[in-house]
Structure formats: C-alpha cells, structure tokens
1. If we scan region A:122-129, do we find a residue that is small (Gly, Ala, Ser) and at pLDDT below 95?
2. Are there any pairs, at least 6 apart or on different chains, whose C-beta atoms fall under 9 Å, with the first in region A:95-114 and away from every other protein chain (no Cβ under 14 Å) and aliphatic (A, V, I, L, M) and the second open to solvent by 30 Å² or more (accessible area, probe 1.4 Å) and in a loop (DSSP other than H, G, I, E, B), and if so, which?
3. Among the candidates A:Pro175, A:Pro213, single out the residue that is in contact with a Cys (Cβ under 8 Å, 6 or more places away or on another chain), touching a residue at least 60 places away in the same chain (Cβ under 8 Å) and either of a type in the set (A, V, I, L, M, F, W, C) or under 26 Å from A:Lys127 (Cβ atoms) (or both).
4. Please verify whether region A:19-38 includes one or more residues that are under 18 Å from A:Ala147 (Cβ atoms), open to solvent by 30 Å² or more (accessible area, probe 1.4 Å) and in contact with a Gly (Cβ under 9 Å, 6 or more places away or on another chain).
5. Show the residue pairs that are 6+ apart or on different chains and have beta-carbon atoms under 6 Å apart, the first residue being within region A:245-266 and assigned to a helix (DSSP H, G or I), the second being of a type outside the set (S, T, N, Q) and open to solvent by 60 Å² or more (accessible area, probe 1.4 Å).
6. Mind listing whichever residues of region B:70-90 are more than 17 Å from B:Gln53 (Cβ to Cβ) and out of contact with any strand residue (DSSP E or B) (no Cβ under 6 Å at 6 or more places or on another chain)?
7. Looking at A:Cys81, A:Cys100 in this structure, which one is in contact with a helix residue (DSSP H, G or I) (Cβ under 7 Å, 6 or more places away or on another chain), of a type in the set (A, V, I, L, M, F, W, C) and closer than 24 Å to B:Glu76 by Cβ?
8. Of (1) in contact (Cβ under 8 Å) with a residue 24 or more places away in the chain; (2) not in a strand (DSSP E or B), A:Arg208 satisfies all except one. Which?
Amino acid sequence: MIISIASGKGGTGKTMIAVSLAFSLSGATSKAVQLLDCDVEEPNAHIFVRPKISQKTPVSVLIPKIDKNRCNLCGRCAQICVYHALAVTTQEVLTFPELCHSCGACSYLCPQNAISEIEKKIGYIEKGDRDTLSFVHGKLNIGEMLAVPVIKAVKKYIDPFKINVVDSPPGTSCPVIETVHRSDFCVLVTEPTPFGLNDLILAIAAIRKLHIPFGVIINRCDLGNQETENYCQREKIPILLKIPFKKEIALAYSKGIPLIEAFPEYKPIFQRIYKLIENTKT
Amino acid sequence: MKIAITAQNDRLDAEIDPRFGRCAYFIIFDTITKQFEAIQNPNQDARSGAGIQAGQFMIEKGIKKVLTGKVGPNAERVLKSAGIDIVTDLKKTVKEAIQSVE
C-alpha cells in the first residue's frame, strides 16, 4: 500500500498529516509502516519523527566529460542537448552539469567519441527508525536543480508489503508527479482560502490524469470561506478530515511535537482514514 | 567588427533590454559598414539555459562585443570562453550604446 500526501499550495500541512498518519498506523496494524519524505529540497518530516539514522547513501547522476584530445569543436553535442547543458565556443566545449538530465545523448551521438559520462553526487538518502516506524528521506545538495533523481532514489525503498506513507513536495511540477506516481491513494491537503482552492484544483487535475484515487483534508478549516467544501461536494470528492485552526496545534508543531502526540484524540481518526483508504483500493 | 546590443524592440532608438539571455531582440551592428540587423530572441521564454543559448548564438554570429544590462553567470562563461567582450550596466538606447563604444 502506497499513500502519498500532496497539495497544490505549500504550507497547508502535508508533513503534519504524513507524520500523523504514519505514527497512528505504526504498531497498530499487522503491516509494518514506513514514512518516506520525498520533499528532497526541504525535507522536514525528520524534525517530528526524530529517527535514529542507521544508513546514509549518496545519490549520483551521470554528466558528460569532454576528452579535449578527441574533440574537434564540431558543435554536435550542443545542438543535440535540449537542456542546453553544453555550449561549444571557439576554444572548448563548456558543460553546465546542473542543467544536465543525464540522458546520455551527447555521449552517444558525438562523432569523435570524445564524450564519456562520469558520476556526480547531487544528494543523499538517509534511512533510520523510530520505534516500530521505518523512515527514509532524501536530501538534494544546495545549488542542485534536479530533485527527481533523488526522489526516485527515495522511492526505491518502497516496500509493497508495508504501508508506505509518502510525503510529497508542494506544487504540480515534475518532483510532485514523480512522488505521487504509482500511489494507491493520494491525500491532498489544502486550506479553505482562495489561494488554497486554486492550487487544489491544479493538483486534482494532475492526480486525475495519473488515475490515482484521492481525497481531501482541509486544514485550518474554520478560516477562509466555504468555497473549498462546496467545490469538493460539487465534484463528489471525499473530504477525509477537517482540522480546525488552533493555537495549541501550532504551538506543539513549532516545538517539533507531532499532532497525534499533542492531541492523541486524532490517532483513531487517522486510523479510520486509513481504513477508508484501504476500502477505496479494493 | 560586429557588436550585439540587447534591445526591447527591433529599432536603433529602442531602449536597451537589461537582460542578456532573455532579451526581446538582439541588434547586431557592424561598426565598419554601419549596417544593422534586428533578430528576435527565440529563447526569451526558455525554461532554462536561455543565457547559454544566447552566448552560443553570439559565437555563431561572429560577435566580438556584447552591450547589455546584465549577463548571468552561465552566459558569461560562454562569452568569455569565446573571447567576446562584455559591456554591462547600459541603460539608455541602442543608438547611444553604439555611440559610446565607437
């Protein structure tokens, strides 16, 4: 079972929901539970999970390396590269590794066989545990632009025999698509503001294209307006949970205390949501 | 010598476009014949690599000097490698920029 937690808008409470769901299920079902934080540009779930990290693995991608003795500055590589990661000047071939998508076309098609591919580290994966909960997250190095290879590396740890709760980055771009792809269910977290609704609609359009069953959690549900709920009712989208805006929730969160630790009454609620998701799948 | 000026439209009295890689037009001026040609920048809205492509384009056109507002770090690497002079912080019109270097 793979449950991804996504949102259009950032800051709606994805990590709070992902951590709460994972902790509520861990040790409470016959299946083992694993939390995977795919928000590799700013992974935050570890602040609440406080896992004991037992394994750290680098993530590398392939980038071109030019053999100056073979290169005759023909310019073919720069013409081929749709990402503009190569430029051919009057003196040399320049490479821009941060733009490279590791497709290998330049190396394959170079008429002089002057381009080889070398590994470049762009981030790392950390794996650990907190009690019965397994934890994996990825971290993209500062200055690197491609989150997707690191997200793919995190997703390699998905275990089909476990309940995998996958925390996604915000938005609707490539990193989000890569994260939610092949989920059994996607929980979209939003807030009932015009901005929240606008971005929720974008996220729903993306999730529908991927044919992933989904439901909505409305966080800070007593702020903003009724439009988000009206929209979900019109579109027949299940609202899985509404969490009110409470100073006490924010206070606990700011100290790194998970929602279900500060408010244990949420634990059975998240367990019920899981049952609902499980029934949607079958 | 051929020089390129980043411009907001295709005329000599155009204001300088402050962005090199994402400018609206390149005005290519020949300092010997005094002829010019205006080319719309195909990479103005490119997702990434606009500066690199603009630099590559300058090399293809045989430009020796670029007059603009600001050049990004990637474009700068390309231009410098090809030995193209870079003049930045220009604010007025294309015509005045040309006069300032002639």
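The values are calculated or read from the model by the stated rules, or taken from the named source; none is laboratory data. Just so we're clear, the structure is a prediction, and the values are computed from it rather than from any experiment. All Cβ positions, even for glycine, are placed from backbone atoms using ideal geometry, and neighbour counts span all protein chains on display. Note: accessible area is taken over every heavy atom of the protein model, side chains too, but ligands, DNA and RNA are not part of it. Shrake-Rupley method; radii C 1.70, N 1.55, O 1.52, S 1.80 Å.
1. Among the residues of region A:122-129, not one is small (Gly, Ala, Ser) and at pLDDT below 95, which makes the answer no.
2. Once the first residue is away from every other protein chain (no Cβ under 14 Å) and aliphatic (A, V, I, L, M) and sits in region A:95-114, its partners that are open to solvent by 30 Å² or more (accessible area, probe 1.4 Å) and in a loop (DSSP other than H, G, I, E, B) give A:Ala105/A:Val82; A:Ala114/A:Asp67; A:Ala114/A:Lys68; A:Ala114/A:Asn69; A:Ala114/A:Arg70; A:Ala114/A:Cys71; A:Ala114/A:Asn72.
3. Result of the check over A:Pro175, A:Pro213: A:Pro175.
4. Among the residues of region A:19-38, not one is under 18 Å from A:Ala147 (Cβ atoms), open to solvent by 30 Å² or more (accessible area, probe 1.4 Å) and in contact with a Gly (Cβ under 9 Å, 6 or more places away or on another chain), which makes the answer no.
5. From residues that are assigned to a helix (DSSP H, G or I), the pairs are A:Ile260/A:Lys267.
6. Correct list: B:Gly83, B:Asp89.
7. A:Cys81
8. Just one mismatch for A:Arg208, condition (1).
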